[in-house]
1. Please give, to one decimal in nm, the separation of the simple spin-label points placed at residue 17 and residue 78, each 7 Å out from Cα toward the Cβ.
2. Find the percent of Cα-Cα distances in region 52-101 that exceed 19 Å, and round it to a whole number.
3. Arrange the peptides 50-63, 78-91 so that the one whose residues have, on average, the most other Cβ atoms within 10 Å appears first.
């Protein structure tokens, strides 16, 4: 089950919670999250950027900046999402999905 939580003041929101990772959409104003997570009790927490938002940034760099490398990454991520939809349609278990994601073709 996936849960999305929106917040602005991370340390106030988290209180004394322990985190292994936290994900944001990559908005530049969230840079402070990484700085807060590097301190004290959050030093072992990994800050991840949402893959869908990352893909959109590559699309924007390709369309607006004409960056060919960005277009390539955008296509790779598009394929990644298409594969995930196939896994959903096939009803794969988490273990089967993991195995598919670790295949030679995916790597």
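Readers should treat all values here as calculations from the given coordinates under stated rules, not as data from a laboratory. Keep in mind that this is a model prediction, so the values were computed, not measured. Glycine also receives a Cβ, built like all others from the backbone with ideal geometry; neighbour counts cover every protein chain displayed.
1. 3.5 nm
2. In whole percent, the share of Cα-Cα pairs in region 52-101 beyond 19 Å is 38.
3. Packing proxy ranking, top to bottom: 50-63, 78-91.
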